[in-house]
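Written below as structure tokens is the structure these notes are about.
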Amino acid sequence: MSGKKRVLILCTGNSARSQMAEGLLRHDAGERFEVESAGTKASSVRPEAIAAMRELGIDISRQRSKNADEFEGQRFDYVFTVCDNARETCPVFFGAAERLHHSFEDPPAPGVGSEEERMAIFRRVRDELRAYLRDFSSHVG
């Protein structure tokens, strides 16, 4: 055992918010946390999420969208839901994990608004996720 706390970050599609959160927590506190992310309906990692993270020097291009079912039977210390839909449909098999929830805005779908408008929202959500996760990690031993 590594002694690291295990964290699972859940969202609906595991395409943007949870992917960015996984990359952020791994980058900022990876020495203390083993981090995974998943979705209730896995899809693919959004290129805008990859681009927003690259701006911080964090590469999430090799991460893949995973379904929460892949983690059934595994032990986690913390399960985060970062959207209301994931909280409502969160699988019950995470046992004694402490559940934490904060809903972050769902970045717009491809083709909605201009690329600049979409990227501005991705950046804002990324920065909100980072602040939230830094607050979390500063309070966890």
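The values are calculated or read from the model by the stated rules, or taken from the named source; none is laboratory data. None of these values were measured; they are calculated from a predicted model. Heads up, the Cβs are rebuilt from the backbone with ideal geometry, glycines too, and the neighbour counts pull from every protein chain shown. For the accessible areas, the whole protein counts, side chains as well, though only heavy atoms, and no ligand, DNA or RNA atoms are used. Shrake-Rupley method; radii C 1.70, N 1.55, O 1.52, S 1.80 Å.
Within the range 49-69, residues that are without any contact (Cβ under 8 Å) to a residue 24 or more places away in the chain reach partners that are charged (D, E, K, R) and in a helix (DSSP H, G or I) with beta carbons closer than 8 Å, at six or more positions or on different chains, in the pairs S61/R54.
For the range 16-48, which residues satisfy the criterion of being touching a residue at least 60 places away in the same chain (Cβ under 8 Å), open to solvent by 10 Å² or more (accessible area, probe 1.4 Å) and either at positive phi or in a helix (DSSP H, G or I) (or both)? Listed by number, the residues that qualify are R17, D28, E48. Applying the criterion of being open to solvent by 40 Å² or more (accessible area, probe 1.4 Å) and assigned to a helix (DSSP H, G or I) to the residues of the range 108-120, the residue that is nearest to R46 (Cα to Cα) is E115.
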